[in-house]
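The structure under discussion is supplied below as C-alpha cells; questions concerning it will follow.
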Amino acid sequence: MRYDLIQQLAFPIDPAKLGDILHPYQACTFPNTWKAALARTLYPDRSDDDIRRGVPLWSLTTAFAAFQPDIIVDGNGGGQRFWLGGAHRPSDDVLTALIHSGITSVVHAQARRYPRRGIRVDGLPDLLAGINPATDLDWREVPLLADDGQFTEHTFRLLPDLIVAHLAEQAWTVDHGGVSSSQFQRIATADGAELMSWPPRDHPRRTRRWSFSYVVRLSVQTMPADPTPHLFVHIGLRRWASRKVFLNNNDRALSVAVKAPTSWGDGPIPPLIARARMQWRPGPKDKKEGRMDWTDDIVEVLSRLHGVALPDPAKLCADPLEHLPRPATPVAGDFEAGVFYRTGFAHKHPVGDGVSAKDRWRIFGSLTDSLRAHLTPMGLTKRTHGVTVSPRPPAKKDGIRIPTTAVAAAVGRKITIEVWWQTSIIRDETLAAIGRILQMPALEPTGTNGSWRTANDHLTVTVHTREIGALATDLDINKEITKKADRYRDAASRRIRQVNDWLAPHPTSQPTFVLVELDDDKAFTTDTDPKFVLRTAAGRNGRNTQFLTPTKDGETDANRTTRIEQSLRELLVRQAGVPARATRLGLDDHPLPDTTRMVAIWLIRKNGLQTSSFPIAVCCDPRQPVIKARLYGERTWLPMREALLALSALQNEHALVPAKAAAEFIADVIDQLGHLDGPTLLTNLAQNTRGVWKTTANTNIRIDSLATTTEAHVPAAQHPNIRYVRARTNLSQETTQHYAYAEHKVEEDDGTISTVKIIGLSAGLWQPATSHGRIFFSTPDKPATASGSSPKGSRIELRRARRKDGTEHDVLDIASDVWNPQLVEFFVGALQQDDKPAAWAAAAHQYRYVAAHYDDPTLLPLPMHHGHRAGEYLLPGHMLDDAISEQT
C-alpha cells in the first residue's frame, strides 16, 4: 500500500505548558581540586604544566548508574556543565562511599594498565583524605527556565528525566488493543531517559520462559534553523537471557537490570531500575579459577551502607530466570534482576528483535494521551510527490553481473585479480565466479602454476592464487611491551614486513585487486586482528583488498556463492570507483541538469574524543567514468582506487590532522568546486563533520551560507554553481522514529461509516511543515534481504493474514526480526536564486539508490558512503568512529 503521510515520534516543546513537570534540580560540578589531585596521581610522570585535561571517571559513572540511579551524571562537570544532578541532594555518606570506591577502582585499574607511569597505589589514603564530598561539592539549584521563560542549557539533559519521572509517578500503562497491557518503570541510562515495561512479558507459545520488554527512550533534540526544542521518542525491544549465559568471548561486560525492594538512599518513589555490569574475571594463568563478578569493587559499598548485596553473578548467569519477575509473582530473594540478552549468547532467543510499526503506533498513542496536558505531537508529515528513484535491478537468478566496459573505463583495460586463500573451496569457487560475474570466457591456465587469464573486447584479466598461510593468523603480540598502542604497532610492523617479503617476488604492473580469505573479527581480539595490517601491507604494495570469511558451518552452497559474488562486486566496482547507475535527479516536473555532480565531505575519525581527523572529499560526476576523491594535502582528484591506496600509505602524524587544518581543507574544496562548470550538490553528515565544519551544527546554521567557520561570511551567491544539503542520521537519536499512516472509510452493516486507521512503513521523500521549508526526510525501500515480517504485526496483538490458498488465519508476529528503516534528515542549507528546495533534497534522496555495487538503497548518499568506507584504509576497524548507525 502507498502511504502519503508519516507520523514522527516527536513533540515540539512549549516551556509554558510543562507546568508541574519542571521540578527544580540540585546539581554540582566536579571540583577542580579533585581533578588536579587525580591527575597528579594518575600521571606522576608528567609535570603540572603537562597534565592531561581529562581524568577517567568510568567507575564513578557506573557506580551512580548502579546504586544511585536517580542521580544524573553529565559529562565531566567542567566549566558551566554540571557533573551530578538530582531532584534531591544525596546523602553525604552515600556520596563519599561511592566516590571513594570509584576513585579507588580507577587508580587500581590505571596502575595495572599502565605500569610504566609509576602510579603509587599506596598513595590512595592521602588522595582520598583530600576528597570530601560533604564539604567540597557545591550543590546549587539548577534553573530549567531562563528569565525569558526559555530553556537553559541544562534543560536538554534534565527534562527527559523529569518527564519519565512524571510518567512513572502516574504508573503509565499501555493498553495493547484490549489484549493485554504493559506498565512502564524508569531505568537508569547513560544519556537521555528511559522507561521499560516491567515485569517483562513472556513468549506466549513456549513452555520455557523467553522474556522481553518494550523500551521507551526520551531525549531533547533540536532541528536545523529552528529554535524550538523537541522531545524525541525512540521505542525499542529489550530481550532477556533465559538460559545459562555462555559467551565465546568474555572481553565484553554484561549489562544487568537490578531493582531493589526499596530505594538505596533518598531515591525516588517508585524506585528506579538500576543498571549494573558483570564480567568474567580470569584466574591465574593455566588454572581454571576464573569467575563471573560485578565489574567494580564498589559493589562492596552496597553491603557496607545498606546491609544488602546484589545477586551472586555466577548464580545469575547459571539461572537468569531466578530473579526475573512475572506479574504478581514474587522472585527469589530481595532483588528483581534480568541479564540483557545479546546475539553472542549460545542460545538464540525465539523472540525476534525490533518493534513493528503497529506496536510503535500503539505505544506512542498511549504516551500522547498521558502527556496531552503538557505536549502535543508533531503533525503528520506529507510526502513530496514527483520523486522518482532508480528501480532495484531485477533479481539475478543466475548471479551477480559486472559490466566489463564500466570496469575498464574506471581502471584500465588490463587488471590483475589475486585470491589469497586459506581453504580450497573458497579458492575454487572464486575462480569459477570471476569469469561468470564479468561475463567473460572461462579462465584458462597461463602455464605458470596458480595463474589464469581471460579476455574480451573490453578487458583482460589475469588471475593469481596465493595460499596466505600464517599471514592470516593472529598478530604476534609481544606481551613484554606494556602499552597497548605500542604492542599493536610492534606486531603490525613485523607482520607488514612479512607480507612485503611474501609479495616481493610478485610486483604489480597494472591495477591489482585482492580477495583475501580471513576469519571474521570474532576469531581475534582487537590486539591480534590482522585485517588492517594485511590491507595496509597490500595497499603499500599497490593492491586493493576485499575480505571474505571462510565457509561457515551449515552454510548452503547458494549462500556461499552469493557471498563470493558480492565480495567481488565490492572489490571490482566500489573500490574500482565504477560510477553510479544513471538516474534522473530532482523532481519529475523540476529536473536538475544532467551534468549535476555530487560531492561529499567526510572526516575519517578515531573512536573517542579526538581532536584530529583526516578529511577527504568524494565526487560522483556523471561526465566522468570513475568516482574520484581528493585527500587532505592535495588539490588533485584521484580515481577512487588510487585514493584508497594513497590512504594506506599514510603514517603517524600524516594520517590525522588538526581540526583547524581540516576546516581549511573543506573551505578550499568549496572554493575549488565553485570554479568548476556545471552545478555541484555538496553534502556532509552532521554527526561526522560538525566538530570541524562548525557552521553545520544546528545552533550555528546560517541559511544560504557556505562558510566553514562561524567567523567567516561566504554567501552561497559567491559560488553560483554550488548547492549544499546536510544529512543527519539517527546516531544519538538525532532523528525521529516514524510510522506511515493512512485512513480508510468502511461502511458498516447498519449503513454507518467508520474510519479505520492503517499503520505501516513507506519509502519516499517527506517534508514537514517548517517556517523555512528546507527540512526533508528520506526513507528507503525495504531491502530484499530483510525479514518478511509485516509492519502491521505485533509482538502481542494477533492480525489476520491470508494463506497461499486464499484462506485467512490469525498470526502473532513474535518470532521474526522487524526491519525498521531509519529516517535520514536532509537540510537544504544553501541554494541559488529561484531554486526549489525539494528538487535538491530529492537529488540527495535519489543518490541513496544509485550504487553500482549494491542493489538496495545505501544509508547515506553514494559519495558519503564511499567516504565512510574509505576509512578502512587509514585506521584499524576498532579505531574508526562510524559516525553512522545502521538500519535495524
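For the chain, calculate the relative contact order in percent as a whole number, restricting contacts to Cα pairs under 8 Å that are 6 or more residues apart. Don't skip to the end; give the middle numbers.
Working: 1785 pairs, mean separation 113.0, N = 888.
Result for the chain is 13 percent.
In whole Å, what are the Cα extents of the chain along the three principal axes, biggest one first?
83, 80, 64
Rg and Dmax of the stretch 109-178, Cα atoms, in Å?
22.4, 64
Still on this structure: Convex hull volume of the Cα atoms in the stretch 767-830, per residue, in Å³?
With only Cα atoms used, the stretch 767-830 gives 140 Å³ per residue.
Could you calculate, for the stretch 694-745, the ratio of the Cα radius of gyration to the Kirkwood radius, expressed as Rg to Rh?
In the stretch 694-745, Rg relative to Rh is 1.21.
Quick one: accessible surface of E634, probe radius 1.4 Å, all protein chains present, in square angstrom to the nearest 10.
For E634, solvent-accessible area is about 100 Å².
Let me ask something else. Of A433, P445, H654, whose Cα points farthest to the positive end of the dipole of the chain (charges on the beta-carbon: +1 Lys, Arg; -1 Asp, Glu; origin at the Cα centre)?
The residue sitting most towards the positive pole is P445.
Kindly state, as a whole number, the per residue volume in cubic angstrom of the convex hull around the alpha carbon atoms of the stretch 404-575.
117 Å³
Taking a threshold of 22 Å on the Cα-Cα distance, which of the pairs K358/K757; K288/K315; K348/K804 fall above it?
On the way: K358/K757 10 Å; K288/K315 18 Å; K348/K804 29 Å.
The pairs that break the limit, which is 22 Å between Cα atoms, are K348/K804.
Sticking with this structure for a sec: With all protein chains present and a 1.4 Å probe, how do M223, M1 order by accessible area, largest first?
M1, M223
Compute, for V331, the solvent-accessible surface of its heavy atoms (probe 1.4 Å) with the complete set of protein chains present, and express it in square angstrom to the nearest 10.
V331 has an accessible surface of roughly 30 Å² with all protein chains in place.
Taking the Cα atoms of the stretch 603-697, what is the range of coordinates along each of the three principal axes, in descending order and whole Å?
The Cα atoms of the stretch 603-697 stretch 39, 32, 18 Å along the principal axes, largest first.
May I ask you to give the solvent-accessible area per residue for the chain, in square angstrom, as obtained with a 1.4 angstrom probe?
Result: 44 Å² of accessible area for each residue.
Percent of accessible area on the chain owned by carbon and sulfur, 1.4 Å probe?
48 percent
Which log10 I(q)/I(0) values does the stretch 308-451 give at q = 0.14, 0.18 Å⁻¹ under the Debye formula, counting every alpha carbon as one identical point scatterer?
Log-scaled intensity ratios, in q order: -0.95, -1.21.
Follow-up. State the Cα centre-to-centre distance between the stretch 172-234 and the stretch 101-150 in whole Å.
Using only Cα atoms to place each centre, the spacing works out to 33 Å.
Report V756's accessible area, 1.4 Å probe, all protein chains in place, as a number in Å² to the nearest 10.
Near enough 60 Å² of accessible area.
In the stretch 366-450, if every C-alpha pair distance is counted and binned at 10 Å from zero, what percent goes to each bin?
Going out from 0 Å in 10 Å bins, the stretch 366-450 shows 11, 25, 20, 10, 10, 14, 8, 2, 0 percent.
When you have a sec, figure out the Kirkwood radius of the stretch 736-805 from all distinct Cα pair distances and drop it here in Å to one decimal?
It is 15.7 Å.
Can you pull a Stokes-Einstein diffusion coefficient for the stretch 662-768 at 20 °C (1.002 mPa s), Rh from Kirkwood over Cα pairs, as a whole number of µm²/s?
124 µm²/s
The values are calculated or read from the model by the stated rules, or taken from the named source; none is laboratory data. Only a predicted model underlies this, so the values are computations on that prediction, with no experimental measurement involved. Every residue, glycine among them, receives a Cβ derived from its backbone with ideal geometry; neighbour counts consider all protein chains shown. Note: areas computed on protein heavy atoms with side chains; ligands, DNA, RNA excluded. Shrake-Rupley method; radii C 1.70, N 1.55, O 1.52, S 1.80 Å.
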